[in-house]
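Take a look at the structure below.
Any read-out appearing in this document is the output of simple, stated calculations on the displayed coordinates, not a laboratory observation. Bear in mind the structure is a predicted one, so any value in this text is a computation, not a measurement. For neighbour counting, all protein chains shown are included, and Cβ atoms are generated from backbone atoms with ideal geometry for every residue, glycine included.
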Amino acid sequence: MKKSVLASFLLFFCGVLTSQAVVIGWSSETAPIGSASAILVYVSDGSTPVITGGSLTTGQQIGDTITSGAIFVPYILPQNTEDTATRNSGTYYVVIFNESDQYVVSNNSLAWNNGESISHGELDPITAYHLFTFDQNPTWIPVPEPGTAMLLVAGAAVVALRRRKRA
Amino acid sequence: MKKFLMLMTALTVAGWVGAEMPPVDGTNVVGFAAINAAGGANTVITVPFEACLNAGSPGVLADLVSTNGLVAHASDPGAADQLVVLTTNATMQIYYYYWLKSGDGWQGITSSVLMPNGSSFAVTPVAASEFPVSRGLGFWIKRVSGAAADVYVKGQVSGAKQATAISEKLNLIGYGSVEAFSLNSSGIDWSGVVGAGLNLFTSDTIMLPKAGGGFTTYYYYVNANPPAAHVSLTNKWVESTATGLQAASGTIAAGQGFWFNRLTGHGSFTFRPDGQE
């Protein structure tokens, strides 16, 4: 609450909230067994990140990939990830990958304008780390290989073509 | 001739009296310290001194910062160097802003605090000559672009050990030393800091402003059974990156302060970097 007030003060007085890079303070204490790496993902419309063909099709990775050196299941050590883009909507998620390149998306998200976990400058430091939560035994989602994804797209196109011919 | 004898006699007596008088040793030593605070940037300054002629008492903001070399302006606060202090009103932490007005010294800036519910209220700082800053506490200086790098703080040098009260939530503090130091120096006593192990987000943190803006955040790592990679990091300030932990390195310049975030629930303590009483 107090941090929100400080952030609001900064917005009102300095007018910098929408003109500077922000730093997102985050961590986790529920990373599932098998977690090997993680990324912070921004989604402009707040929907859940989706990975297709080996890359994000919904969402945008922010910052560096968190490697195994920073993951000690169930903990992800605290991260201060810089987002250089200007945001005025959307949410942040964390996506964790296992050794088989399968992934899970965090159960919760962080709003773009969170006061406590997002820093807008020196006078507005992070005072609490946002904890992204996960199921301890999640259903890992396979990441389709690019070739597999192309086959799926081609198959869908064939199905659509046949339906059109029948019509 | 008589005049000459009288003069010589007077000089002799004066010399004898002077030789017999015990020297008067003052206990007040006034110190000046130059602190690097670049133009166009914000820097936290830590005060290493106390009030002049009043040992043990905090100085006031207006007296602690020398205006020598600072940028003043006749009418535009935005074109002058500013001081920003963190304080607390009845319910929350707020900032007081001051700007250096030509001929008048530090002047308060009335500002508005916008509450999350959309309401707002005005904040009018107390006079800079009435705002106490104890040794070891810090405040921000916002330099205008092109300003000279050095800022001078002044006050009475203290021979006592530093004792800085730390309360829950944000604190602007530092080690009131006249020499550079490192966070993991064996000479600094961090008793009272609450650290953490792999749940490192529950540790007290130090946020040290970087030259180009932003912070480097340090956590106090405490782990009785650390992973192999962390054995050498226990009981040290560490940085957490995307690839893991590393010990805090580098030095903090004399007079440079930092944020200390004391998490809610950790209670208050007294930071005694020079050792416990």
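Here are the numbers for this structure:
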{"quantity": "DSSP-assigned coil residues among GluC sites (Glu not before Pro) in the stretch B:105-203, each with at most 11 further Cβ atoms within 10 Å", "calculated": "B:GLU179"}
{"quantity": "For the stretch A:40-113: rounded, prolate or oblate by the Cα gyration tensor [a/c cutoff 1.5]", "calculated": "oblate"}
{"quantity": "Sorted by Cβ density within 10 Å, fewest first, the residues B:VAL153, B:VAL30", "calculated": "B:VAL30, B:VAL153"}
{"quantity": "For the stretch B:69-97 versus the stretch A:36-59, the gap between their alpha-carbon centres in whole angstrom", "calculated": "42 Å"}
{"quantity": "Taking the stretch B:27-160 and dividing mean pair separation by its residue count, relative contact order in percent (alpha carbons under 8 Å, at least six apart)", "calculated": "46 percent"}
{"quantity": "Filtered GluC sites (Glu not before Pro), the stretch A:48-125: DSSP coil and at most 12 other beta carbons within 10 Å", "calculated": "A:GLU99"}
{"quantity": "Per-residue Cβ neighbour rank within 10 angstrom, fewest leading, A:VAL50, B:VAL65", "calculated": "A:VAL50, B:VAL65"}
{"quantity": "Packing-based exposure ordering (other Cβ within 10 Å, fewest first) of B:ARG143, A:ARG162, A:ARG87, B:ARG135", "calculated": "A:ARG162, A:ARG87, B:ARG143, B:ARG135"}
{"quantity": "Gain upon complete extension [B:ALA149, B:ASN235; 0.36 nm per residue less C-alpha separation]", "calculated": "27.5 nm"}
{"quantity": "Using alpha-carbon coordinates, inclination of helix B:2-20 to the longest axis of chain B, degrees", "calculated": "30 degrees"}
